[in-house]
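We did not get these values from a lab; they are worked out from the coordinates using the rules stated. Small disclaimer: the values here were computed from a predicted structure and weren't measured. Don't worry about glycine lacking a Cβ; one is built from the backbone with ideal geometry, like all the others, and counts go over all protein chains shown.
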Amino acid sequence: MIHFYGYFRSSCAYRCRIAFNLKGVAHDFTSVHLRRNGGEQHAPDFKAINPQGLVPSITDGDFQLNQSMAIVEWLDETHPEPPFLPDTPNERAKVRAFAQMIACDIHPLQNLRVLLYLKNELGQDDAAKDAWLQRWLGDGLQACDAYIAREGTESTFCFGDTPGLAEICLVPQVFSAHRFGVDLSNMPNVTRVYDACQALPAFADAAPSKQPDAE
């Protein structure tokens, strides 16, 4: 049985929850609270599983894996149906590029470690933190919106009529944008895809508010 370590509000853990749901893969769950007791991710027992002291992580017998994108692709390879990526190399590359726009360029700038550094080390107040988030999340998602538009697809989702890796990354990022007050009114493609995903149980059931550790 796969054991999943996550936190309800973590965008990266959110990606994995969607992936588990889309694949229909059963798993056990342990909550790693990122703020309680100084951050449970720093506990020695957890760092033996993930030396980075981050969520998510999984174990499957003796196999251990961290990093949400690696976990999602591992799930796709070990449980091939339904596939998270298109059939052709060019289309797969486009989807991976979109996913990496979020996972590599947008999400890291909202990471808890970054926000705590802005506050505790650089002395920035909540207004400055919010301005930081709205700038980088807003700019990044605007680029995602333009990327979807450039492909010229009239499909339900980013690059076709079934959700996959692109939507697994996009939906948690839009959740974060809502949480941090980012204006999405000029991002019709991002909003359209997000709304289409929310109509699917695999995405709706993965929402932070529906998790057993939700507060």
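A few remarks follow.
- Largest mean-square fluctuation among Ser176, Ser185, Ser11, in a Gaussian network model of the chain whose springs join Cα atoms under 10 Å apart, belongs to Ser185.
- Inter-label distance for Phe63 and Thr191, nm, one decimal - labels placed 7 Å from Cα along Cα-to-Cβ: 4.1 nm
- Cα pair distances of segment 89-202 binned at 10 Å [whole percent]: 13, 46, 28, 11, 2
- Scaling the Cα radius of gyration of the chain by the globular reference 2.2 N^0.38 Å produces a ratio of 1.01.
- Taken as Cα centroids, segment 1-20 and segment 51-89 sit 11 Å apart, rounded to the nearest whole angstrom.
- 3J(HN,Hα) along segment 168-177: 4, 7, 5, 4, x, 6, 5, 4, 5, 4 Hz, from the Karplus curve 6.51 cos²θ - 1.76 cosθ + 1.60 with θ = phi - 60°, whole Hz, x for Gly and Pro.
- Helix-only arithmetic for the chain: the sum of -39500 (n - 2.57) across DSSP H runs with n ≥ 4, divided by the residue total, places the mean residue ellipticity at 222 nm at -14500 deg cm²/dmol.
- Among Glu40, Glu121, Glu77, the largest mean-square fluctuation in a Gaussian network model of the chain (Cα springs under 10 Å) belongs to Glu121.
- Dipole of segment 89-202 computed with +1 at Lys/Arg Cβ and -1 at Asp/Glu Cβ about the Cα centre; of Leu170, Leu109, Leu200, farthest Cα towards the positive end is Leu109.
- Relative contact order of segment 89-202, defined on C-alpha pairs under 8 angstrom at six or more residues apart (%): 32 percent
- Going from the residue with the fewest nearby Cβ atoms within 10 Å to the one with the most, Ile58, Ile168 rank Ile58, Ile168.
- If you count Lys pairs in the chain whose Cα atoms are under 30 Å apart, skipping same-chain pairs closer than 8 places in sequence, the total is 9.
- Convex hull volume of segment 2-82 per residue (C-alpha atoms, cubic angstrom): 82 Å³
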